[in-house]
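What follows is a short report on a single structure.
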Amino acid sequence: MENPERRSEPANKDGGFTLLELLVVMAILATLTWIVAPRFLGEPEKARRLKAEVTIANLETALKTFYLDNGFYPTSDQGLEALVREPDIDPIPTRWREGGYLEKGRVPSDPWGHDFVYLSPGLNGEFDIISYGADGIEGGEGRDADIESWNLQ
């Protein structure tokens with residue numbers, strides 16, 4: 001009768017991967033990276049542009065609320081600051097909302113850290129809001145292209 005404590009051991013005690021198996025896995029990972037990575041490299045820039053569009057839409061809503069309360073939009077001289085601090089230059093709003101029109105009590109910057117450009121009256125409507133994109137300079141293409149309130153979807 002065979003001793004139950006004595007068991008047969010596997011032929012390969014290491015139980016690790018062979019060099020060939022590791023090379024195959026590395027080749028598969030490299031191929032996947034080569035195919036998938038380019039698709040995600042542009043995503044942060046798309047996200048910044050979308051954030052700028054959403055912020056412009058939120059500023060438009062705040063400006064329209066300001067208009068409903070006061071009967072006019074802040075002038076270019078008053079700027080977007082009129083949404084967080086009661087203007088002290090004409091025209092002075094008579095029913096400025098306590099606490100302002102923007103959450104957090106500050107005018108947001110665009111996703112690249114630049115101030116939005118605000119014109120009132122605008123060249124394309126009652127007011128225009130513009131982000132000059134990544135370079136912060138008017139005009140440009142690609143990531144430097146302007147994002148304009150009158151061209152939002």
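None of the figures in this text is laboratory data; all of them are computed from the coordinates on show. These figures come from a predicted structure and were not determined experimentally. Note: ideal-geometry Cβ built from the backbone for every residue, glycine included; neighbour counts use all protein chains shown.
What is the number of the single condition among (1) closer than 20 Å to I137 by Cα; (2) part of a loop (DSSP other than H, G, I, E, B); (3) within 25 Å of the chain's Cα centre (by Cα) that L123 does not meet?
(3) is the only condition that L123 fails.
Hey, A57 hits all of (1) outside any loop (DSSP other than H, G, I, E, B); (2) touching a Phe, Trp or Tyr at 6+ places or on another chain (Cβ under 7 Å) but one; which does it fall short on?
Exception for A57: condition (2).
Could you please find all residues in the stretch 106-135 being among the hydrophobic types (A, V, I, L, M, F, W, C) and touching a helix residue (DSSP H, G or I) at 6+ places or on another chain (Cβ under 8 Å)?
V107, W112, F116, F127, I129, I130, A134
Return only the number of the condition from (1) surrounded by 15 or more Cβ atoms within 10 Å (Cβ to Cβ); (2) closer than 26 Å to R49 by Cα that R106 does not satisfy.
(1)
Looking only at the stretch 102-111, decide whether some residue is among the acidic types (D, E), touching a Phe, Trp or Tyr at 6+ places or on another chain (Cβ under 8 Å), in contact (Cβ under 8 Å) with a residue 12 or more places away in the chain and over 30 Å from E45 (Cβ atoms).
Scanning the stretch 102-111, I find no residue that is among the acidic types (D, E), touching a Phe, Trp or Tyr at 6+ places or on another chain (Cβ under 8 Å), in contact (Cβ under 8 Å) with a residue 12 or more places away in the chain and over 30 Å from E45 (Cβ atoms), so the answer is no.
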